[in-house]
1. Can you confirm whether B:V231 is open to solvent by 50 Å² or more (accessible area, probe 1.4 Å), closer than 21 Å to B:R150 by Cα, modelled with pLDDT of 85 or more and β-branched (V, I, T)?
2. Looking at the stretch B:201-211 only, could you name the residues that are open to solvent by 70 Å² or more (accessible area, probe 1.4 Å) and under 19 Å from B:L271 (Cβ atoms)?
3. Output the number of residues of the stretch B:340-354 satisfying the condition of being on the phi < 0 side of the Ramachandran plot and open to solvent by 30 Å² or more (accessible area, probe 1.4 Å).
4. Filter the stretch A:82-109 down to residues that are among the small types (G, A, S) and in contact with a Ser or Thr (Cβ under 6 Å, 6 or more places away or on another chain), then give me how many there are.
5. Name the residue that is farthest from B:W81 (Cα to Cα), counting only residues in the stretch B:20-43 that are open to solvent by 80 Å² or more (accessible area, probe 1.4 Å) and of a type outside the set (V, I, T).
6. Which of the residues belonging to the stretch B:124-146 are in contact (Cβ under 8 Å) with a residue 60 or more places away in the chain, open to solvent by less than 60 Å² (accessible area, probe 1.4 Å) and more than 12 Å from chain A (Cβ to nearest Cβ)?
7. So, of the residues in the stretch A:123-144 that are acidic (D, E) and more than 11 Å from chain B (Cβ to nearest Cβ), which turns out to be least open to solvent (accessible area, probe 1.4 Å)?
8. Could we say that A:L60 is in contact (Cβ under 8 Å) with a residue 60 or more places away in the chain and either within 14 Å of another protein chain (Cβ to nearest Cβ) or of a type in the set (A, V, I, L, M) (or both) here?
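The values are calculated or read from the model by the stated rules, or taken from the named source; none is laboratory data. Note that the coordinates shown come from a computational prediction; the quantities given were computed from them, not determined experimentally. When we count neighbours, we look across all protein chains shown, and the Cβ atoms used for this are built from the backbone with ideal geometry, even at glycine. These area figures cover heavy atoms from the full protein model, side chains too; ligands, DNA and RNA do not enter into them. Shrake-Rupley method; radii C 1.70, N 1.55, O 1.52, S 1.80 Å.
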Amino acid sequence: MNRKEFSSHVSASYNLYLEDLFNQILEMGGLVERQLQTSVLSVQNADAELAKEVIQLDKLVNREEMEIDRLCVRVLARQQPTASDLRLIVSAIRIAVDLERMGDEIVKISGLVLRLADRGDLDCQNLQGYKQLVEISSRARDMLKNVLDAFTRLDLSGAAAVIEEEEHVDDLFAVAMEEVTERFKESHNDIECLLQLVYALRAAERITDHARNIAESVVYLVNGQDMRNMNDDLLADFLKSLTVN
Amino acid sequence: MISIKPVSSLEKSSRIFEELIGVGALLSIALILGGITALWGLAFFVAFSLYLGRNLFYFLHFLNLVRSRALEPSKAPFGVWGDIYDAYFEKVFQDKRKLKRLRLETEQVYNAMNLLPDAHISLNEKLQIEWVNNSAESLLGLRQNDAGHRIGNLLRQREVTHYLEEKNFDKSVEFYLSAESTRRLSAKIVPYFDKHYLLIIRDITDAHNLAQIRRDFVANASHELRTPLTVLNGYLELMLDSVESLPPVWSGPLTQMHQQSLRMQNIINDLLTLSNIEAEGTELEQDFVDVPIMLRKLEVEANQLSNGHHQLHFHIESKDGLVGKTEALRSVFINLVSNAIRYTPEQGEIWVRWYQTPQSMVFEVKDTGIGIAREHIPRLTERFYRVDTARSRSSGGTGLGLAIVKHILERHQAKLSVYSRLQVGSTFRVEFPLYLKKSVTDLDSSLS
């Protein structure tokens, strides 16, 4: 599929509906990007005000998801799309769900900041896990940016890069969890802090998973191949073939 | 490519001549044949068929030539068809030359666009990318094959989205390249070429940093200077209170030291005010400012300041006030009036007017003072700019008054204009936009 296809239908309103849908997804993506960026800042500066802003933004994100669903239903009901148009609708619904879930996970990260601000506890910020949280969520933010760019350009190699990056983040997450577990063993005072940290780390890691899902939806949209449930070798080969293109 | 000479009228007539000769030759052949065989009808029919056949052949040949878009001229045939061939090849040749020139010019423009240091992106009516130049590729990471995408899909920064939605392209917008990038960019859209837009993005990191450094420096320096100065001032006042107990030689220096320290304190206070205004951002506060009442109070203060040396005339012609910041506007009015008093010789006259014009609410201060030379006027609102250094210092100014006025007026979307003639006097006019006007009755009705 390439972008010229939007203008290839005889029906002008059909073109317009698809174009609307495409732009709406990116608008929602931009919103989640902003939400994630605000969240990263709130973690870095331990700023409760920013964390509250993140929660406000989540309401907008949820509304956008409903709007995308509405647009998809409209095209499905009126135009009975086939081939690449149908794939666009299917991936739009999937991407919207992923973005919405991302929004929820971002709220969880901000929840850590709010909880810590309530306790007025500064020790927690000095933990190694906290730094890794910032690292993972910053990477998640860059992945989200890249995957949205890949979606805009229908760029397979961009999507492949995001999928590879997600594997790196998994390793980072494993290291961070190990360290937090170590801390659990030796300290008995800051259990709550560590627990919150685990939640937030998990949420950050989930965001990268959703970014990967979006990348997979982009691959599906562009060449119709489903790459979920591929084993490691198959996946590596497949990614290589995408990058070569 | 063989160049073809333009068809001249002489050649054209010669070609018709050729054609006539050809027809004449055919006719004479027919006559001879007819004479020999006495089959007149057949002879003329054969000659006519030959003529028709030749024409048909060249007609088809020409059609093929046009269809195949052959650009190399083949040999022009004899007669009128020669004219047609010549004309066609000349047209093709000219078209080709024109195309070549156009292509060259386009390439030249493209190369020039690619050399521009700022990112230039051409957008169509729906804000979709048409082309981008090299700087846009290196600065923003856009690609040539991004053509057709909406620019808002690729630049998803909040400020940009907002700017594109607002469609107020008189302004420009500043934003950071990405979440972690320190590069500050400024974007502006210029409509061009019939429903197309040119998005120009430039890297203003350096300028932005410089402005920030200047602001920070002024704010920090004045803040740091204030504390030591307060200590000095306090002790000086203490010493002046008991000046009798000190050697009489010291009373003069002490008074002078006290005066200078007070002056320094004024400067620092003004600097702090200035950096506060700058830090406040552009949002306008929604206070109601009752300008007539404020001016009546100001009249009393101005008379005290003038101490009877000047004739002050206050003409408050409008009963309406403004929406804005009370304290800030008061300092604008005080600054302008006290400037007038300071620079007007004794017995001079000063008029202060508050009135409404069809376009704006106007506050005007007119004096019969020493006036300002033309070259100084554009620089009056610079910090520490002084027209006459010695005179201004002796009159106790800080050099910051008009800078403060300018900043406050910018926040109120108001315009300051200065008209002046040396030795005759100056007029300072402040025009507030009418949408800031608010009268006391409006206020009452909104309260009830």
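1. No.
2. Hit for the stretch B:201-211 is B:L210, nothing else.
3. Number satisfying all stated conditions: 7.
4. 1
5. My answer is B:L39.
6. B:N124, B:A136, B:L139
7. A:E135
8. No; evaluated as a whole, the condition is false for this residue.
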